[in-house]
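The values are calculated or read from the model by the stated rules, or taken from the named source; none is laboratory data. In this text the structure is predicted, and so the values were computed from the model without any measurement. Please note: Cβ atoms are built from the backbone with ideal geometry, for glycine as well, and neighbour counts cover all protein chains shown.
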Amino acid sequence: MKKITFLIQVIFIGCFSTPTEQELLNKSNPNGIYGEKITLSEKQKINALILNEEKYLDENVFISGKIIEVCPMRGCWVKINDKSSNYNLRIKVTDGDIVFPLSAKGKQADIQGVFTKLEFSEDQARKWKMHLAEEKGIKLNLDEIVLDPSDLFEFRVNAHGTKIY
């Protein structure tokens, strides 16, 4: 009887276990829906968002692009590029809510979320650059980081839903 109870517990736990964040980060096939279903139908181009920021800031938008970079630490962001422009855009999700797999790099993505602009002080910008470098295993000296005007802000989409294909 104890063996049967033990087997039932093992099966029950196995059926309801969820993958760890590390397992999701290292998922071999990234295709699928992440987060909520995309409900918007009219796609915006990345350059249109950036060049018309006053129109799109804090608005729910739908964009597409090629994933050119994935957060190597937690899969909490991807950087995308649309082939019609030379603009890149970071797509951010709440840490742990959605984990973008490293294998998503090079794949296409449709994203729905809120277009935002972060503005940094010089100190914040240096720390942000240092953080991004550390995610890639690169050590920087905070005092030696050189900034240009584009380092003082970042456009991004805080994603609610993403489809990778």
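From the residues in segment 141-157 that are surrounded by 15 or more Cβ atoms within 10 Å (Cβ to Cβ) and not charged (D, E, K, R), which one is nearest to VAL70 (Cα to Cα)? Steps first, answer last, please.
Applying the first criterion (surrounded by 15 or more Cβ atoms within 10 Å (Cβ to Cβ)) to segment 141-157 yields 145, 151-152, 154-157.
So of that shortlist, the ones also not charged (D, E, K, R) come out as 145, 152, 155, 157.
On the way: ILE145: 23, LEU152: 22, PHE155: 16, VAL157: 14 Å.
This residue is VAL157.
Need the failing condition index for ILE98 against (1) within 11 Å of the chain's Cα centre (by Cα); (2) within 23 Å of PHE153 (Cβ to Cβ), just the number.
Result: ILE98 fails condition (2) only.
Among the residues of segment 112-136, count how many are in a loop (DSSP other than H, G, I, E, B) and either among the hydroxyl-bearing types (Ser, Thr, Tyr) or in contact (Cβ under 8 Å) with a residue 40 or more places away in the chain (or both). Before you say what the answer is, go through the steps one by one.
Restricting attention to segment 112-136, the residues satisfying the condition of being in a loop (DSSP other than H, G, I, E, B) are 120-121, 136.
After this cut, where a residue has to be either among the hydroxyl-bearing types (Ser, Thr, Tyr) or in contact (Cβ under 8 Å) with a residue 40 or more places away in the chain (or both) as well, the list is 121, 136.
Selection size over segment 112-136: 2.
For segment 44-64, indicate whether the set of residues that are in contact (Cβ under 8 Å) with a residue 40 or more places away in the chain, touching a strand residue (DSSP E or B) at 6+ places or on another chain (Cβ under 8 Å) and within 15 Å of GLY106 (Cα to Cα) is non-empty.
Step one: of segment 44-64, the residues in contact (Cβ under 8 Å) with a residue 40 or more places away in the chain are 45-47, 49-50, 53, 56-64.
Pick out the ones that are also touching a strand residue (DSSP E or B) at 6+ places or on another chain (Cβ under 8 Å) and you get 45-46, 49-50, 53, 56-64.
Retained after the next criterion (residues that are within 15 Å of GLY106 (Cα to Cα)): 64.
Among the residues of segment 44-64, at least one is in contact (Cβ under 8 Å) with a residue 40 or more places away in the chain, touching a strand residue (DSSP E or B) at 6+ places or on another chain (Cβ under 8 Å) and within 15 Å of GLY106 (Cα to Cα), which makes the answer yes.
Can you tell me which condition ASN86 does not meet? The list is (1) under 21 Å from LYS45 (Cβ atoms); (2) touching a Lys or Arg at 6+ places or on another chain (Cβ under 9 Å), and all the others hold.
(2)
Please specify each residue of segment 35-51 satisfying the condition of being more than 21 Å from VAL99 (Cα to Cα) and assigned to a loop (DSSP other than H, G, I, E, B).
LEU40, SER41, GLU42, LYS43, LYS45
In segment 88-102, how many are surrounded by 20 or more Cβ atoms within 10 Å (Cβ to Cβ) and either small (Gly, Ala, Ser) or within 15 Å of SER64 (Cβ to Cβ) (or both)?
Total meeting the criteria: 2.
Sort through ASN52, ASN31 and tell me the only one that's at pLDDT 95 or above, exposed (fewer than 15 other Cβ atoms within 10 Å of the Cβ) and over 19 Å from the mean Cα position of the chain (by Cα).
Within the list ASN52, ASN31, the selection yields ASN52.
If you scan segment 115-131, which residues turn out to be surrounded by fewer than 16 Cβ atoms within 10 Å (Cβ to Cβ) and either closer than 26 Å to LYS83 by Cα or of a type in the set (Asp, Glu) (or both)?
Result: LYS117, LEU118, GLU119, GLU122, ASP123.
Which of (1) surrounded by fewer than 20 Cβ atoms within 10 Å (Cβ to Cβ); (2) within 15 Å of the chain's Cα centre (by Cα); (3) within 17 Å of GLY113 (Cβ to Cβ) is the odd one out, the single condition PRO72 does not satisfy?
Of everything listed in (1) surrounded by fewer than 20 Cβ atoms within 10 Å (Cβ to Cβ); (2) within 15 Å of the chain's Cα centre (by Cα); (3) within 17 Å of GLY113 (Cβ to Cβ), PRO72 misses just condition (3).
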